[in-house]
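Engineer: Take a look at the following structure, please.
The values are calculated or read from the model by the stated rules, or taken from the named source; none is laboratory data. None of these values were measured; they are calculated from a predicted model. We place every Cβ from the backbone using ideal geometry, glycine too, and count neighbours over all the protein chains shown.
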Amino acid sequence: MPEKNELLRHYLASIAYHATKALRDAPPNYTEHDPGNGALTPHSLLHHINSVLTYAHSFYQHYDNTRPPQKPWDGELQGLYEIPSKLDHSIQSGKPRGVTEEQLLQGPLSDAMAHVGQLLMLRRLAGSPVPSENFIHADIKPGQIGPNQPDPPPPTTDTQKNIFSVMSSSTP
């Protein structure tokens, strides 16, 4: 498999890992938490992430519509793993049509990761922040797309401890 495809698959697995971190053990009030000022709720963000990843998949497989109607939370959560799984399989099988791998990375895949960051921020605003993590040491592997993501590794080195202390000191 070409190197670019492996990198795209790894980035897609990173999206799944980060999204799972944002959604794992979220409190019931989280899904519809409204921070105000027109910001999307976690439910609406999850739907948007699924639409963006469907759009990415449309460069491998034809879709009549890459923006399906919003489903209930559980349906959107299921889509968060089904859509990337299909995309991962397609990336393994070949090249995208009409765009380069770099365009997929800079476009829909980066957009999806940015929205995962918003999900994490909304967890904090909803009163349920997720613990900090040094993602350099996360057990992320291409093809590891499902909801059963590995637990974060504990900080074990002075470098990791320093990173966590800097992150903690900058957080009110």
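Engineer: If you go through region 117-140, how many residues are farther than 19 Å from residue 49 by Cβ and loosely packed, with under 13 Cβ neighbours inside 10 Å?
Structural biologist: Residues that pass the stated criteria total 5.
Engineer: Is it true that residue 13 is part of a loop (DSSP other than H, G, I, E, B), out of contact with any helix residue (DSSP H, G or I) (no Cβ under 7 Å at 6 or more places or on another chain) and more than 18 Å from residue 99 (Cα to Cα)?
Structural biologist: Details: part of a loop (DSSP other than H, G, I, E, B): no; out of contact with any helix residue (DSSP H, G or I) (no Cβ under 7 Å at 6 or more places or on another chain): yes; more than 18 Å from residue 99 (Cα to Cα): yes.
Here the answer is no, as residue 13 does not meet what is asked.
Engineer: Go through region 103-116 and give me each residue that's exposed (fewer than 14 other Cβ atoms within 10 Å of the Cβ) and either touching a strand residue (DSSP E or B) at 6+ places or on another chain (Cβ under 6 Å) or touching a residue at least 40 places away in the same chain (Cβ under 8 Å) (or both).
Structural biologist: none
Engineer: If you don't mind, another one. Can you pull out the residues in region 9-31 that are charged (D, E, K, R) and either at pLDDT 95 or above or within 12 Å of the chain's Cα centre (by Cα) (or both)? Break it down stepwise before answering.
Structural biologist: From region 9-31, those charged (D, E, K, R) are 9, 21, 24-25; that's our starting set.
Matches in region 9-31: 9, 21.
Engineer: Which residue pairs have Cβ atoms closer than 9 Å, lie 6 or more positions apart in sequence or on different chains, and pair a first residue in region 128-157 that is among the charged types (D, E, K, R) with a second residue that is modelled with pLDDT under 90 and buried (at least 16 other Cβ atoms within 10 Å of the Cβ)?
Structural biologist: Note: pairs meeting the criteria are 133/152; 133/155; 139/152.
Engineer: Only one of (1) without any contact (Cβ under 8 Å) to a residue 12 or more places away in the chain; (2) surrounded by 13 or more Cβ atoms within 10 Å (Cβ to Cβ); (3) not β-branched (Val, Ile, Thr) fails for residue 65. Which number is that?
Structural biologist: (2)
Engineer: Can we say residue 88 is of a type outside the set (Gly, Ala, Ser) and surrounded by fewer than 20 Cβ atoms within 10 Å (Cβ to Cβ)? Please lay out each step first, then the result.
Structural biologist: Numbers: of a type outside the set (Gly, Ala, Ser): yes; surrounded by fewer than 20 Cβ atoms within 10 Å (Cβ to Cβ): no.
No, not satisfied.
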